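The values are calculated or read from the model by the stated rules, or taken from the named source; none is laboratory data. As the structure is a prediction and not an experimental result, all values here were calculated from the model. Here the Cβ is made from the backbone with ideal geometry for all residues, glycine too, and neighbour counts use every protein chain on show.
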Amino acid sequence: MMENTADANTPLPPASLSDTSSDTATAHADAPDASNRLEDEFLAIISHELRSPLAAIKGYAATLRRQGHRIGRAERDEFLQAIDEASDRLELLISRMMQLSRLEAGALMPHPVPVDSVQLIREALAAAEYRWGSYPSLAPSHTYTFEMPSQAPMPTVLADLRLQREVLDIVLENTVKYSPGGGLVRVTLDTDGAMLTIGIRDQGIGMSSDHLERIFDRFYRVDARLTREVGGVGLGLAICKRIMALQGGAIWAESEPGVGSTFYMTLPLAQPSDERQ
Ligand code: ADP
């Protein structure tokens with residue numbers, strides 16, 4: 001089931017706020033596939049997702065301004081942190097919404113060039129290792145190890161370097177966000193002579209099969225509680241899906257609850273051959 005988490009991303013503001021809540025995000029999950037209705041629901045979701053963090057910012061800021069003299073230092077820090085987090089969320093939401101709408105409108109088109117797939121993935125893994133190798137805001141003791149096969153095939157693929165790197169960054173970030181106990185993130189590479197398949201496997205919370213297609217829908221999230229803890233706006237995989245399709249590839253997932261997930265991405269080889277490489 002889709003969960004709406006926008007207003008739950010920060011603790012409840014102390015000031016009374018105008019009612020910005022709405023059931024529309026939940027309704028979206030079960031909406032029939034009629035394009036005008038989807039459009040209305042998309043607009044309703046956007047307005048809800050934008051208003052919730054804004055309401056938190058306004059509530060905390062108003063309380064600090066009106067009652068600042070009565071608020072202790074610790075509480076003040078907590079309010080400021082909530083404002084900071086809600087602002088980050090708004091920023092992410094707006095940039096991801098802009099990117100998705102540009103992709104959907106054809107205003108952001110990939111320009112595929114021959115790319116060394118192994119180098120591309122190694123760079124993404126190195127950045128992930130640097131950023132997430134230990135992820136203190138989740139839990140200081142959790143570590144994440146990123147691993148690439150040493151004997152990986154090295155085909156040159158046709159990809160837009162920047163956009164493909166963004167896809168890898170989103171998928172790698174998710175392996176960490178949805179592995180609250182830490183663990184190993186393993187990459188596999190495979191070719192069939194026409195396409196390269198990249199597999200990224202984690203040892204995280206996984207998900208049941210009924211979510212596997214819907215996680216690529218806009219704003220679809222499996223677990224509101226975890227999303228609240230780690231942040232996220234439910235647009236990353238929708239962006240990935242569009243970028244992969246526009247490059248002539250695809251993205252999909254396999255998963256087992258409590259065991260982990262594997263995300264697969266395919267890209268066309270720059271020089272297809274009949275032989276398996
Ligand atoms: P976000 O992470 O911002 O919520 P995404 O579009 O990247 O949005 O992912 C959509 C949802 O798919 C997530 O909220 C989560 O429920 C699920 N998901 C994505 N990656 C993983 C993963 N590696 N393991 C488990 N669940 C995942």
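For region 171-269, please list each of the strands (runs of 3 or more DSSP E) lying entirely inside it that holds at least 2 residues being touching an Asp or Glu at 6+ places or on another chain (Cβ under 6 Å). Answer list for region 171-269: 183-191, 260-268.
Residues that are farther than 28 Å from Pro268 by Cβ and either more than 9 Å from the ligand (Cβ to nearest atom) or of a type in the set (A, V, I, L, M) (or both) within region 176-208 comprise Val176, Pro180, Gly181, Gly182, Gly183, Leu184, Gln203, Ile205, Met207, Ser208, listed in sequence order. Residues in region 141-169 that are surrounded by 20 or more Cβ atoms within 10 Å (Cβ to Cβ) and either within 15 Å of the ligand (Cβ to nearest atom) or not assigned by TED's automatic domain parsing to the domain that holds Gln247 (or both): 4 in all. Cβ-Cβ distances below 7 Å connect the following pairs, each with a first residue in region 33-46 that is within 13 Å of Arg218 (Cβ to Cβ), a second residue that is modelled with pLDDT of 75 or more and part of a helix (DSSP H, G or I), and a separation of six or more residues or different chains: Ile46/Met97. For region 219-239, the criterion of a residue being surrounded by fewer than 17 Cβ atoms within 10 Å (Cβ to Cβ), modelled with pLDDT of 95 or more and either more than 8 Å from the ligand (Cβ to nearest atom) or not small (Gly, Ala, Ser) (or both) is satisfied by no position. Would region 217-233 turn up any residue that is under 30 Å from Ser141 (Cβ atoms) and without any contact (Cβ under 8 Å) to a residue 24 or more places away in the chain? Within region 217-233, one or more residues are under 30 Å from Ser141 (Cβ atoms) and without any contact (Cβ under 8 Å) to a residue 24 or more places away in the chain. Based on this model, can you work out whether Ile94 counts as of a type in the set (Val, Ile, Thr), out of contact with any His (no Cβ under 8 Å at 6 or more places or on another chain) and modelled with pLDDT of 95 or more? Against the criterion (of a type in the set (Val, Ile, Thr), out of contact with any His (no Cβ under 8 Å at 6 or more places or on another chain) and modelled with pLDDT of 95 or more), Ile94 does not qualify.
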